[in-house]
1. So if we plug the beta-carbon distance of Ala61 and Gln39 into 1/(1 + (r/R0)^6) with R0 = 30 Å, what FRET efficiency do we get, rounded to 0.05?
2. Calculated FRET efficiency, Leu25 and Ala116, Cβ-Cβ r, R0 41 Å, to nearest 0.05?
3. Over what distance in Å are the Cα centres of the stretch 57-88 and the stretch 102-119 separated?
4. Which one of Gln72, Ala116, Gly38 has its Cα pushed farthest toward the positive end of the charge dipole of the stretch 38-150, where Lys and Arg give +1 and Asp and Glu give -1 at the Cβ?
5. Note down the nm distance, to one decimal, between modelled labels 7 Å out along Cα→Cβ at Leu95 and at Tyr54.
6. May I have the pair-distance distribution P(r) for the chain, computed from all Cα-Cα distances with 10 Å bins from 0 and rounded to whole percent?
7. May I ask you to evaluate 6.51 cos²θ - 1.76 cosθ + 1.60, the Karplus curve with θ = phi - 60°, for each residue of the stretch 4-11 and list the ³J(HN,Hα) values in order in whole Hz, giving x for glycine and proline?
8. For the stretch 35-46, take each phi angle, set θ = phi - 60°, evaluate the Karplus expression 6.51 cos²θ - 1.76 cosθ + 1.60, and give the result in whole Hz per residue in order, putting x for glycine and proline.
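Values in this text are rule-based calculations from the coordinates and carry no lab data. Since this is a predicted model, take the numbers as computed values, not measurements. Because the Cβ atoms are built from the backbone with ideal geometry, glycine has one as well, and the counts that use them run over all protein chains shown.
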Amino acid sequence: MNAPASLWRRAAALFYDSLFVFAVLMLATLIFLPLNGGQAIPQNGPLAWAYRAYLLAWVGAYFSLFWCIGGQTPGMKVWHIRVVIPAPCLRMALLRFLGGVVSLLLLGIPFWWAWADRDKRSLVDRILGSRVIHLPKPIGRTRTKATFKSKNKNEA
């Protein structure tokens, strides 16, 4: 069994993913603007709340689909961590995402729970039965000059 991922790796992966999420939110806004006649989204009122829910759904889809397809978002892949979610995956991934949103609203306290947990699981992961693991670095995937030997004898 793989060791649990450290909190700094999780935070680094989340920061990396925030760049992708920003791009996803720009795409979602580009799709939404024609529905509002190309006008700016109002700050208050029912349309503003519908827009916020729409954006939250896009972010939830981003994380949930990546977690279910391969267990990793792009940020998690870079930092060699993976989430292991029990079946049914999509339902549990959506619950995990919603738990993350609640965690943010509670100033991250359920996330920091992992600091004291013996298995390094956040409160949301503990409740849902999911865990975040650290993957070993892949062996033999780095390429050096020695890896690319020329077949042409004239090249040195």
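1. Numbers: r = 25 Å, r/R0 = 0.84.
For Ala61 and Gln39, the calculated efficiency is 0.75.
2. Values: r = 33 Å, r/R0 = 0.81.
Efficiency at R0 = 41 Å is approximately 0.80.
3. 19
4. Comparing the listed Cα positions along the dipole, Gln72 ranks first.
5. Reported label-point gap for Leu95 and Tyr54 is 3.0 nm.
6. Bins of 10 Å from zero give 10, 31, 27, 16, 10, 5, 1, 0 percent of pairs.
7. x, 6, 6, 5, 5, 5, 4, 5
8. Listing the rounded values in order: 5, 9, x, x, 7, 4, 6, x, 7, 10, x, x Hz.
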